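Everything on this sheet refers to the single structure shown next.
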Amino acid sequence: MSDLHKLGLKEVLDGVKNKTFSCEELVRETLSVCEEKSELNSFIVLDKEGALNKAKELDRKIAQEEAVGALAGALVGVKDIICVKGLKNTCASKMLENFVPPYNATVVSRLLSEDAIVIGKTNTDEFACGGSTETSFFGVTKNPYDLERVAGGSSGGSAVAVSADLCTFALGTDTGGSIRQPASFCNVYGLKPSYGLVSRSGVVSMASSWDTIGHFAKSVEDLATVLNIIAGKDRKDSTSVEKTSDDYREFLGRGVSGVKIGVPEEYFAEGVEAETSEIVKGRILELEKQGAEIVPISLSMTKYALSVYYISMPAELSANLERFDGVRYGHKPKEYSDIVDYYFKARGEGFGAEIKRRIITGTYVLSAGYYDAYYKKAQKVRGLIIEDFKKAFEKCDVLIAPVSPFPAFKIGEKADNPLGMYMADILTIPVSAGGFPSLACPAGFSKDGLPIGLQIIGPYLGEGKCIRVADAISI
Amino acid sequence: MIDEKDVLHMGKLARIELTGDEVRKFSKDLSAVFEYMEVLNEVNTDDLPEISQVNGLSSVFEEDVVVASDCLPAELLSQSQNPVELNQIKVSKVV
């Protein structure tokens, strides 16, 4: 077997354009690698037939010198909460086990219109709720660096698909860390864009004021190339915004001379493993040697972010998941006494434990008597967290911090301890509170050989700055 | 402290059937989570605004134009999990 499946986006696009290999060869080889590595459980659905048909169509166009799109030949894995017309969108839940969406999410339409080939739908925590894919109805995704460990989550399937060369790039979603954390656990690049930069239309909502759509790739340049295509305002998502750059690749190769890099002390404090801190600090020192200015920063509201998130997110989630009642689509109970009982059974049987736990939490914080004490309080503190970041960005261009306090943990290690699992997102959630962009970038390996990632956090719509600094690290 | 009665009541409000094990487990789990959240009481939030969105957009309007959809009614009907009659999706009796 050749190594076509290992190619990054740039190499795939060049190879297809120069006819070094055909799209069909790439698809056939990648599909056979997917079979070989099925133990990883990266995909919920593989669209073998669709991918091959699209590849053949592109090969015919290229042979006849017809115009093809900017992503012709690239194989994309799509997180299974993002709708692809005609393919199941299960949300890794029994509730939507057989649901086939009749339309494409905007982000998928944009990729398809540039001739990307969807290879399949990737595993996730149920409705993107979790940090390890252990809550998936279809079983856990395994970490390619150690099969006894989690891939991270919730976009774990997408991270593994890129890490194990099962696709060229992949789409994910990040509400509290769900792109960055699995990217760091699996040694790939992941971008959580600013809130609103990539349309949420056609993506099953978790917490609407926090949800962002982003992607995983094998290089910083590949992240920028994909961002060029998926970013920008969409009339189907009224919270979407115009992109700030026509070509995010312009930020590559600029170096970091004179760039002010903030280092938030709270992100290297107690609770963050020493090895993780040291590796990330080592990378920061390298940037200083390249001419960056290091600025110590304090983000004093950091310790409140987790509490704010676990009030605000379940509140929004419990409202968003009200629509799943099993009437028009979704899980249908077999036996019930009346319509109210039908709802109870459809939802009781269709949702897994973590979803139920979060719906109960959300219902509690929104109920009369607790609304002010929890929900309102959290929304106010959220404002203080955002102010904290805004003040920091008056002193620096970007912030650099670890993504996760520790590398990938063992499967089952935190499954019975929800609070312990929630703590895994302690360094990614504060960024999400303000809708800031953050790029996860491989930083090194632990002594046990597990990947460790850092995140480059930019001001709102400052993706270009994140890409510039990440590019300097990857050289 | 979220006791089992609270969990059952929330389950009723959210229309979710919970097993006895789930009620016991969620009561324990959520008590720990809410105890952790007590940390928010350290922060004085008097007179602060509530933040419900982050990018400052308000009153977003769109031109009222017809845009072609990639979802045709016939396709929608053909993919329905429910029976289709007279070009309508048939659902369980709800009233």
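Figures for the structure shown
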quantity	calculated
Helix-only [θ]222 nm of the protein assembly as shown, DSSP H runs n ≥ 4, -39500 (n - 2.57) each, per residue, nearest 500	-11500 deg cm²/dmol
Carbon plus sulfur fraction of accessible area for chain A, probe 1.4 Å, in percent	48
Listed pairs A:Lys54/A:Lys465; A:Lys260/A:Lys391; A:Lys10/A:Lys447; A:Lys6/A:Lys192 exceeding 25 Å between Cα atoms	A:Lys54/A:Lys465; A:Lys10/A:Lys447
Ratio Rg/Rh, restricted to the protein assembly as shown and using Cα atoms, in which Rh is the Kirkwood radius	0.96
Residues losing 30 Å² or more accessible surface upon assembly, segment B:42-58, compared with the chain by itself, 1.4 Å	B:Glu42, B:Val43, B:Thr45, B:Leu48, B:Glu50, B:Ile51, B:Ser52, B:Val54, B:Asn55, B:Leu57
Length-normalised contact order for chain A - Cα pairs under 8 Å, 6+ apart - percent	17
Residue-averaged beta-carbon neighbours from other chains (10 angstrom radius) around A:373-380	5
Reachable aspartates and glutamates, given that their alpha-carbon falls under 17 Å from the alpha-carbon of A:Lys85 and they are not under 8 places away in the same chain	A:Asp47, A:Glu49, A:Glu97, A:Glu114, A:Asp115, B:Asp70, B:Glu75
Calculated FRET efficiency for the pair A:Glu66/A:Asn417, C-beta based, R₀ 45 Å, to 0.05	0.20
Tilt relative to chain B, helix B:4-13 - C-alpha long axis, 0 to 90 degrees, to 10	20
Cα centroid of segment A:1-78 to Cα centroid of segment A:152-231, whole Å	20
Summed buried accessible area for B+A [probe radius 1.4 Å, Å², rounded to 100]	5500
R0 of 22 Å, Cβ-Cβ distance A:Leu52-A:Lys19: FRET efficiency to nearest 0.05	0.75
Average partner coverage of A:235-246, which counts Cβ from other chains inside 10 Å	2
Heavy-atom accessible area ranking, 1.4 Å probe, most first, across A:Arg468, A:Arg180	A:Arg468, A:Arg180
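The values are calculated or read from the model by the stated rules, or taken from the named source; none is laboratory data. Treat the numbers as computed from the prediction; the structure is a model and nothing was measured. Every residue, glycine as well, gets a Cβ built from its backbone with ideal geometry; the counts of neighbours run over all protein chains shown. Accessible surface is based on the protein model in full, side chains and every heavy atom, while ligands, DNA and RNA are left aside. Shrake-Rupley method; radii C 1.70, N 1.55, O 1.52, S 1.80 Å.
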